[in-house]
Amino acid sequence: MTCKFRGKMESPVSRSRLEINFMRLLNETQQMASGNKPKDWTFEKWLEGRSLVVLYGSEMGTAQEIAARVGREARRHFFMPNVSAMDDYPIERLLKQTLVVFVVSTTGQGDDPSNMRSFFKTIWSKRKDRMFLSSLQFGVIGLGDSSYQKFNYAAKRLNNLLTHLGGQPIMNLGLADDQHDLGPEFVIDPWLESFWSKITKLYPFPEGMQPLSPSVLLPSKFKATFVNDLESSENTLQLGSEDVESSQNTVQSKSNASSFDSACKVKVTMNQRVTSVDHFQEVRLVEFDISQIEGRHKPGDVLMVQPQNLEEHVEEFINVLALNPQQRFYLEVNDPNSVLPSPSLLPRPCTIKECVETYFDVQAIPQRYFFELLAHFTSDENEKEKFLEFSSSEGQQALYDYCNRPKRTIMEVFADFPHTSTNIPFEYLFDLVPAIKPRPYSIASSSLAVPNRAQLLIAVVQYRTILKRKRLGLCTNWLARQKVGDCVPVWIKPGTLTFPDLSSESIPPVIMIAPGTGCAPFRSYIQERVASGVSKGLVMVFGCRYSSKDFFFKEEWEALVNNEQLELYCAFSRDQEEKVYVQHVMKKNAQYLWKLIGEQNAMVYFAGNAKRVPIDVYEALTYIIETGRGKGAQDAEEYMKNNLTKRYQTETWA
């Protein structure tokens, strides 16, 4: 599906040597009492019995970040952590482990992330052996979004299977919700505090020894070596070759490799505004030439876009931290569980400006660990006191009020604390500032109808917070500024929506509910179905503010309506005094929609914002069923859960 990356993979390193050296470094910071230890007691021998495996299933990198956090905390408790994607960890090694933490995200319609599917399939095949994992003590953290019907389904399923196979849960399943005001940390923070409290009792410390306090600075995950600008480019390139190819401080694995390795730089062939100039929301239709990408995308597939920071944000970040933008450097792995950024994303050597442009997510909202780390670098006691408050359990409301409520960015935090920002060692910026994540966008065109092209419908994110500062969405604003002929790194992945197979003998009707830009994946399917000659049974319920300002693809869809290839029901919420939304249009046409759902087994899809609309649409569907069946509200709820759930798919975003 995607073109191949032509860079080199990193050479593996001996984990045990690097890990033991790392732990010995931590040990040097711990003042251990000498009494009451056996004569043959050694730090290395003691560590051999303190192994923690942290396995993650991650689609977009969030679960991997949480797993890395568990690994950091493990070192503070003097455990030797092994952080890995599930599919990269051999099952035979799992049978020898006694302590494992699983961090699992849920993707699609309750699906497992791609880098845990083989792992789950393998242990599922052992389900008849109720003692298969009887020596395993484990905990599971789930990362999900409560706006989806199958909230944290992958984590729940894994937790149940591990228990079924004889595993002993140390903790109750932790179900983090991305929709919570405090984010997933609202569940993760107390879960980990309880976990380490229990682990400390199960694996006690020798007398006089205790976990490392947050006041002890852990080594950075990368080492940065600056390059003398006076060196000749030939010598510099030679140094880079040696560092990349023969360094024993580099770790890489298949699943840990960035998906950016699969990216192609494709040209923009169209970038036009599709909302009227007097409309408050700028929405653009952006088209790419994807002829160099192998294979053909299907309706429901997404185009992954790897964006860069806007020029003004790059300049501001560099100025706030007083960095030299032209200074070049190399990175080496300093933490055996870390992976160097792909050389196609972060060149070797790399200038600081290139790093800020392509790697650091300077607009991210900082989390608790960010402030815990900052406390080590400030020269001002007042600033340090504030950092310690934000990183404490008692200070989470204060942190929310300072960061989450106004959506204060990392860059703005650095500006707020000048006694800290210029004291941060450069290599620790890679611990403080997360990497820019790729953004998924539903492809809004069919490869049958528009060959060798992929179109995206992009709502450009711009708003003001209570700080009165304008917020610019990183990827949408970067895409909006791309000109025809510019190149953008992209790759194609399966999306969360799966549509009926058009080669099937019996193709059910499809009801698509789409407020705003949620219509993007449905346009792809409509085009595909019409181009395949199967144009009957397409029903679209579309919602926007004004029929004259943000009615996307109006002419295209009205032409299909005139040709009897599409049934279109519209809700223009601001065209009349009383607001009308998609759920109102659904209820108004309840009798007809029930005929499609109840008699013709129609598939139902919703795509849109994850706030209130999914709930309203669910309630409208329940009303349609209740009206159609005439057996009351409880019967309608049971029908939704037992019958329509298998035919109802959603795709939502915050």
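In segment 97-147, the qualifying residues are those that are within 26 Å of the chain's Cα centre (by Cα) and among the acidic types (D, E), and the one that is most open to solvent (accessible area, probe 1.4 Å) is D111. Each residue in segment 615-654 was checked for being within 18 Å of T498 (Cβ to Cβ), in contact with a strand residue (DSSP E or B) (Cβ under 6 Å, 6 or more places away or on another chain) and not hydroxyl-bearing (S, T, Y), and 3 pass.
State yes or no: is C350 closer than 24 Å to K223 by Cβ and open to solvent by less than 10 Å² (accessible area, probe 1.4 Å)? Before you say what the answer is, go through the steps one by one.
Numbers: closer than 24 Å to K223 by Cβ: yes; open to solvent by less than 10 Å² (accessible area, probe 1.4 Å): yes.
The answer is yes for C350.
Looking at segment 158-189 only, could you name the residues that are within 20 Å of the chain's Cα centre (by Cα) and more than 27 Å from P406 (Cα to Cα)? Break it down into steps so the answer makes sense when it comes.
Step one: filter segment 158-189 for residues within 20 Å of the chain's Cα centre (by Cα), giving 158, 174-189.
L158, G174, listed by residue number.
Of all the numbered requirements in (1) surrounded by 17 or more Cβ atoms within 10 Å (Cβ to Cβ); (2) modelled with pLDDT of 95 or more; (3) acidic (D, E), E315 misses one, and that requirement is (1). For segment 194-216, taking the residues that are within 28 Å of E389 (Cα to Cα) and at pLDDT 90 or above, the one that is most open to solvent (accessible area, probe 1.4 Å) is identified as K201.
Scanning segment 357-367 turns up no residue that is among the charged types (D, E, K, R), surrounded by fewer than 20 Cβ atoms within 10 Å (Cβ to Cβ) and in contact with a Ser or Thr (Cβ under 7 Å, 6 or more places away or on another chain).
Regarding segment 397-408, can at least one residue be identified that is hydroxyl-bearing (S, T, Y) and not in a helix (DSSP H, G or I)? Reasoning before the result, please.
Within segment 397-408, the subset hydroxyl-bearing (S, T, Y) is 400, 402.
Among the residues that remain, those that are also not in a helix (DSSP H, G or I) are: none.
For segment 397-408, residues hydroxyl-bearing (S, T, Y) and not in a helix (DSSP H, G or I): absent.
Of the candidates L474, L456, L497, the single residue that is open to solvent by less than 20 Å² (accessible area, probe 1.4 Å), at pLDDT below 95 and under 25 Å from M304 (Cβ atoms) is L497. Scoring A449 on the criteria (1) under 28 Å from the mean Cα position of the chain (by Cα); (2) aliphatic (A, V, I, L, M); (3) over 18 Å from N319 (Cα atoms); (4) modelled with pLDDT of 95 or more leaves a single failure, condition (1).
Would you say F426 is aromatic (F, W, Y) and crowded, with 22+ Cβ neighbours inside 10 Å? Spelling it out, it is not the case that F426 is aromatic (F, W, Y) and crowded, with 22+ Cβ neighbours inside 10 Å. The condition (being closer than 30 Å to R647 by Cα, free of Cβ contacts under 8 Å to residues at least 40 places away in the same chain, open to solvent by 30 Å² or more (accessible area, probe 1.4 Å) and of a type outside the set (A, V, I, L, M)) is satisfied by just one residue among K150, K156: K156. Could you tell me whether any residue of segment 219-230 is open to solvent by 80 Å² or more (accessible area, probe 1.4 Å), more than 24 Å from T351 (Cβ to Cβ), more than 24 Å from the chain's Cα centre (by Cα) and at pLDDT 90 or above? Within segment 219-230 (the criterion being open to solvent by 80 Å² or more (accessible area, probe 1.4 Å), more than 24 Å from T351 (Cβ to Cβ), more than 24 Å from the chain's Cα centre (by Cα) and at pLDDT 90 or above), the answer is no, since none of the residues qualifies.
Could you list all residues from segment 47-65 that are in a helix (DSSP H, G or I), open to solvent by 20 Å² or more (accessible area, probe 1.4 Å) and either under 16 Å from D335 (Cα atoms) or without any contact (Cβ under 8 Å) to a residue 60 or more places away in the chain (or both)?
Matches in segment 47-65: E48, Q64, E65.
Scanning segment 257-303 for residues that are under 21 Å from T498 (Cβ atoms) and touching a helix residue (DSSP H, G or I) at 6+ places or on another chain (Cβ under 7 Å), we see that the one that is surrounded by the fewest Cβ atoms within 10 Å (Cβ to Cβ) is G300. Taken together, the residues in segment 437-453 that are touching a strand residue (DSSP E or B) at 6+ places or on another chain (Cβ under 7 Å) and open to solvent by 10 Å² or more (accessible area, probe 1.4 Å) amount to 7. Looking across segment 160-182, the residues that are within 28 Å of Q367 (Cα to Cα) and open to solvent by less than 10 Å² (accessible area, probe 1.4 Å) come down to G174, A176. Hey, does segment 488-504 have a residue that's out of contact with any Lys or Arg (no Cβ under 7 Å at 6 or more places or on another chain) and at positive phi? No, segment 488-504 contains no residue that is out of contact with any Lys or Arg (no Cβ under 7 Å at 6 or more places or on another chain) and at positive phi.
The values are calculated or read from the model by the stated rules, or taken from the named source; none is laboratory data. Because the structure is a prediction, the values reported are computed rather than measured. With ideal geometry, Cβ positions are generated from the backbone for all residues, glycine too; neighbour counts draw on all protein chains shown. For the accessible areas, the whole protein counts, side chains as well, though only heavy atoms, and no ligand, DNA or RNA atoms are used. Shrake-Rupley method; radii C 1.70, N 1.55, O 1.52, S 1.80 Å.
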